[in-house]
Amino acid sequence: MDKNSSIWYNGKITNWDDGQTHVMSHVIHYGSGVFEGIKCYETDNGRAIFRLDDHIQRLIQSGSLYGMDIPYGNNELNQACIDIVKLSETGDSYIRPIAFYGYDTLGVNPKNCPVNVAIATFYWGAYLGDGALDKGVRTTISPWKKFSIHSMPAIAKGSGHYLNSMLAVTDAKKRGFDEAILMNEDDFISEGSGQNIFIVKDGTVYTNDEKSSILLGITRDSLIKICSNINIDVIIKNISMDDLLKADEVFFSGTASEVTPVCSVDEHTIGNGKPGEITLKLQKIYMDIVRGKNDTYSHWLTII
Ligand code: PMP
């Protein structure tokens, strides 16, 4: 991680190295945190944070799904993200707000633990590796299933949820793939370890929803809206393994992964093994939007 000079911690800007918590904090033992991943891009009008308010709303919603009252409101958290970006010299940057149960009890019930909030920003290069956006990635179906919506609220971005993702991605990497695709308990496709999934068949775009145990991605939502504005039909449905393997195109979406083509799933090549036409079209529109080159979507940008 590229360290920065400052971090926002419990309402104050402090030195990066002072963003500490005790090892006996509740979150360290039980993963009891909720967080966000937000991106800030350089544009001709200065740096711009993409869909900041939507991310902060999801953070607060993630907290409430776990009964965690985050002691700062939307406006304060939005402003804190802006402040920490302003203090950073980094051009393109990733913003990581996290709210977590701190130090008090080690009982699983966090009853008296304080809710701490930190916001850091730092440079994070291509999430799925150099060349992923242009050439696509090789994926594998994970032997680990996505956790059930009856076990944890998948629509919350909960820290502990990522143990499931970690198992899937480390297994995929060990076997030489770039990323894992997780099935859900009903044997439908769920999502990547940190990305939503879309398929394209005969010119129509398909993706799944919360019933498939996914995080409802903000990139996913952006792409659905973009498709509707350019008259590409989007059908939201459960996606089977058959749908995936017979797709003309497959792509991942996510704040860090942006719009990444998927060129294979295990030994199956998707389409001709190259990024598809609709994938590249959506990728271009998305990248233009985040770089401030598409006025139709300027309301998604918070210019710093
Ligand atoms: N699913 C998971 C499990 C993720 O971690 C992410 C990344 N936040 C996504 C989907 C995509 O969400 P978003 O587009 O909001 O980044």
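The values are calculated or read from the model by the stated rules, or taken from the named source; none is laboratory data. None of these values were measured; they are calculated from a predicted model. Cβ atoms come from the backbone with ideal geometry, glycine included; neighbour counts cover every protein chain shown. Please note that ligands, DNA and RNA were not included when accessible areas were found on the heavy atoms of the full protein model with its side chains. Shrake-Rupley method; radii C 1.70, N 1.55, O 1.52, S 1.80 Å.
Working note: 222 nm ellipticity from helices only, DSSP H runs with n ≥ 4, each -39,500 (n - 2.57), summed and divided by the residues of the chain, gives -8000 deg cm²/dmol to the nearest 500. Among the trypsin sites (Lys or Arg not before Pro) in the stretch 176-264, those placed in a DSSP loop whose Cβ has at most 12 other Cβ atoms within 10 Å are 246. The base-10 log of I(q)/I(0) for the stretch 101-204, evaluated at q = 0.18 Å⁻¹, reads -1.03 [Debye formula, identical scatterers on Cα atoms, solvent excluded]. Phi-derived couplings, Karplus 6.51 cos²θ - 1.76 cosθ + 1.60 at θ = phi - 60°, listed residue by residue for the stretch 22-38: 5, 5, 8, 5, 3, 4, 5, 8, 10, x, 7, x, 10, 8, 9, x, 10 Hz, with x used for Gly and Pro. Summary value for the chain: 20 percent relative contact order, contacts being C-alpha pairs under 8 angstrom separated by 6+ residues. Applied to the stretch 147-161, the Karplus parametrisation 6.51 cos²θ - 1.76 cosθ + 1.60 on θ = phi - 60° returns per-residue 3J(HN,Hα) values of 4, 6, 5, 7, 9, 8, x, 4, 6, 8, 9, x, 4, x, 4 Hz, with x for Gly and Pro.
Return the percentage of antiparallel bridges among DSSP beta bridges fully within the chain, rounded to the nearest 5 %. Within the chain, antiparallel bridges account for around 85 percent of the total.
Here the chain exposes an accessible surface that is 49 percent carbon and sulfur, computed with a 1.4 Å probe and the other protein chains kept in place. FRET efficiency for residue 202 and residue 241, Cβ-Cβ distance as r, R0 = 22 Å, nearest 0.05? E(calc), rounded to 0.05, equals 0.75.
Hey, can you find the accessible area per residue of the stretch 17-90 for me, probe 1.4 Å, expressed in square angstrom? Walk me through the numbers before you get to the answer.
Working: 3430 Å² over 74 residues.
Per residue, the stretch 17-90 has an accessible area of 46 Å².
Relative to the compact-globule estimate of 2.2 N^0.38 Å, the Cα radius of gyration of the chain comes out at 0.99.
Between the amide H of residue 141 and those of 181, 266, distances stay under 5 Å, these residues lying 5 or more places away or on another chain, with hydrogens modeled in the peptide plane.
Using the Karplus relation 6.51 cos²θ - 1.76 cosθ + 1.60 with θ = phi - 60°, the per-residue 3J(HN,Hα) values for the stretch 200-214 come to 10, 9, 6, x, 9, 9, 10, 8, 9, 9, 4, 5, 8, 6, 10 Hz, with x marking Gly and Pro.
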